[in-house]
Amino acid sequence: MVTALDKNTALVLIDLQKGIVGYPVVHPIEGIIANAVKLVTAFRKAGLPIVLVNVNPAGAKWMTARKDSNQTPRAPFKEDWLDIIPEIKTAPTDIFITKHTWGAFFETALDEELKKRNVTGIVLGGVSTSAGVEGTARQASERGYNITFAKDAMTDMLADAHEHSLKNIFPRIGETDEADKIIEKLMQSV
């Protein structure tokens, strides 16, 4: 349950891009997107930073490392694979980050962009819960950010992975709640 949001909190949405939202997920993607859009609208109204992260794994070292799973997406991708979905109305003031691994902080300018804006807390959502969202959350936690997870603005391809992140990982590094409750707290903090 969200108890507070820092005065300088940023919304960080992970991999809400054309190439990812078409994957089969455990929750209807339309609802996840609708809640992400509500968060974007609220953060924009509050004048707080919005970070839109996409993933381009092409050429990343982890793509060629040995692993048991064949679930890793392979390049080449469609031309618009990296594009943020049109439901998320972007603005020139948004921060755009392209990551190459699960976490959005590794080898990107995300930490610097947040620090330039004196951000001390982040609200996270996106796809997928157990990979991009959790990877970014772990890295944010290591950097001392207060983290709030919008549980109805994220989903996963695997139900048990989604539940594991929500029940076992996220409570150890942040607070979890629904988008509407987070928006209520946001309106109280500005």
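Numbers for the structure displayed
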| quantity | calculated |
| --- | --- |
| Contacts under 7 angstrom Cβ, first residue in the range 102-120 being within 14 Å of G135 (Cβ to Cβ) and at pLDDT 95 or above, partner of a type in the set (G, A, S) and not in a loop (DSSP other than H, G, I, E, B), 6 or more apart | G103/G135; F105/A140 |
| Of all residues in the range 1-59 being in a loop (DSSP other than H, G, I, E, B) and of a type in the set (V, I, T), the one that is most open to solvent (accessible area, probe 1.4 Å) | T3 |
| One residue from A91, A75 being among the aliphatic types (A, V, I, L, M), modelled with pLDDT under 95 and out of contact with any His (no Cβ under 9 Å at 6 or more places or on another chain) | A75 |
| Flag for T64 being among the polar types (S, T, N, Q) and modelled with pLDDT of 95 or more | no |
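The values are calculated or read from the model by the stated rules, or taken from the named source; none is laboratory data. Remember, it's a predicted structure, so these values are computed and weren't measured experimentally. A quick note on method: Cβ atoms are made from the backbone with ideal geometry, for glycine too, and the neighbour counts reach across all protein chains shown. Remember, those area values only see protein heavy atoms, side chains included, never the ligands or the DNA or RNA. Shrake-Rupley method; radii C 1.70, N 1.55, O 1.52, S 1.80 Å.
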